[in-house]
1. Hey, could you check the stretch 63-110 for residues that are touching a Leu at 6+ places or on another chain (Cβ under 9 Å) and aromatic (Phe, Trp, Tyr) and say which is nearest to ARG177 (Cα to Cα)?
2. Restricting the search to the stretch 140-181, which residues are aliphatic (A, V, I, L, M) and farther than 18 Å from VAL200 by Cα?
3. Take the residues in the stretch 102-114 that are outside any loop (DSSP other than H, G, I, E, B) and under 18 Å from VAL200 (Cα atoms), then tell me which one is modelled with the lowest pLDDT.
4. With the checklist (1) under 29 Å from GLY166 (Cα atoms); (2) over 22 Å from the mean Cα position of the chain (by Cα); (3) outside any loop (DSSP other than H, G, I, E, B) in hand, flag the one item VAL69 doesn't pass.
5. Please tell me if GLY99 is on the phi > 0 side of the Ramachandran plot and either in a loop (DSSP other than H, G, I, E, B) or in contact (Cβ under 8 Å) with a residue 60 or more places away in the chain (or both).
6. Tally up the residues in the stretch 32-59 that are surrounded by 14 or more Cβ atoms within 10 Å (Cβ to Cβ), assigned to a loop (DSSP other than H, G, I, E, B) and not β-branched (Val, Ile, Thr), please.
7. Please go through the stretch 187-208 and pick out each residue that is within 16 Å of VAL10 (Cβ to Cβ) and either in contact with a Ser or Thr (Cβ under 7 Å, 6 or more places away or on another chain) or outside any loop (DSSP other than H, G, I, E, B) (or both).
8. Can you report the number of residues in the stretch 135-155 which are surrounded by fewer than 20 Cβ atoms within 10 Å (Cβ to Cβ), on the phi < 0 side of the Ramachandran plot and not in a helix (DSSP H, G or I)?
Amino acid sequence: MTLAAPELWVPSGIATVGDDHHYPEERPSRTVQVDGFFIDLHPVTNAQFAEFVAATGYVTDAEQHGGNVFVPAAAPVDLSQPSLWWRHEPGASWRRPLGTDLIAAEQHDHPVVQVSQRDALAYSQWAGRRLPTEIEWEWAANDATHLPATWPLALDGMLLANVWLGEFPWKRIRAGRPSTMPVGSFPPNTRGLFDMLGNVWEWTADAWVDRHDVAPIASPCCSATSTDSATTKGGSYLCAANYCARYRPAARHAQPTSEPACHTGFRSARSA
């Protein structure tokens with residue numbers, strides 16, 4: 001028996017995916033038919049991933065090669081230079097998201113991070129599931145509703161997702177170090193799904209393309225691994241209004257499939 005997250009049925013329908021009014025990679029907006037599917041109620045947690053590792057002896061990419069860790073800046077920096085706030089940490093892994101302390105008991109219900117797409121696929125296969133496609137993920141997140149104009153804040157000022165408030169990457173209004181939070185810390189969307197936006201970026205099954213109307217290009221046999229990217233969705237606790245405001249259903253991000261990071265996790269899905 002596994003600790004697999006409760007799942008929710010997302011019915012079939014005509015989905016409007018993409019967005020013509022924000023970042024270029026979200027274009028063009030279009031309508032597509034989506035078949036019904038099941039998707040995890042929340043991202044896969046540290047406890048769930050630990051059970052998978054205990055059952056299989058699986059060793060993640062980060063445990064072999066390290067992972068990327070966010071390092072807050074002390075003052076405003078050039079936002080076109082991500083290397084100013086990212087560091088490759090050889091000791092980082094899902095067990096040690098920042099490369100130092102082991103995850104504590106109170107973090108067992110946090111989303112697992114420092115997992116590559118390969119790791120996410122391995123867990124999903126073990127659980128008898130798969131990763132959602134980008135369209136499935138967006139359909140589950142969109143649920144035909146509109147975010148408030150004040151998003152990620154409610155009209156009354158209440159925070160609605162685990163995102164960065166303040167000036168990224170140095171000035172954060174919220175107390176404490178930026179980090180994941182327990183799944184379900186914020187209200188679900190109208191489908192009943194938790195953490196679709198914010199907390200962690202989530203791997204999908206789809207290869208990255210620069211625009212929705214561009215077909216993926218087959219990788220040459222000798223291409224560098226770092227050029228092999230997949231689409232992640234949902235934004236994370238590091239998304240801020242002044243940088244990477246991608247905590248919207250249509251927003252998307254290219255993540256090299258073999259590069260784990262402290263703000264990237266996943267949830268699994270299965271067909272009807």
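1. The qualifying residue nearest to ARG177 (Cα to Cα) is PHE70.
2. Of the residues in the stretch 140-181, the ones aliphatic (A, V, I, L, M) are 140-141, 144, 147, 149, 153-155, 158-161, 163, 165, 173, 175, 181.
Result: ALA144, LEU147, ALA149, ALA154, LEU155, MET158, ILE173, ALA175.
3. Taking the stretch 102-114 as the starting set, the residues that turn out to be outside any loop (DSSP other than H, G, I, E, B) are 105-107, 111.
Subsequent filtering for residues that are under 18 Å from VAL200 (Cα atoms) retains 106-107, 111.
Values: GLU106: 89, GLN107: 95, PRO111: 98.
Of everything passing the filter in the stretch 102-114, GLU106 is modelled with the lowest pLDDT.
4. All conditions are met except number (2).
5. Details: on the phi > 0 side of the Ramachandran plot: yes; either in a loop (DSSP other than H, G, I, E, B) or in contact (Cβ under 8 Å) with a residue 60 or more places away in the chain (or both): yes.
Yes; evaluated as a whole, the condition is true for this residue.
6. From the stretch 32-59, those surrounded by 14 or more Cβ atoms within 10 Å (Cβ to Cβ) are 32, 34, 37-53, 58; that's our starting set.
Those still in the list that are assigned to a loop (DSSP other than H, G, I, E, B) too: 41-44, 58.
Still in the list and also not β-branched (Val, Ile, Thr): 41-43, 58.
So the answer is 4.
7. Correct list: THR190, GLU202, THR204, ALA205.
8. 10
The values are calculated or read from the model by the stated rules, or taken from the named source; none is laboratory data. What you see is a predicted model; the values in this text were computed from it and never measured. All Cβ positions, glycine included, derive from the backbone under ideal geometry; neighbour counts span all protein chains shown.
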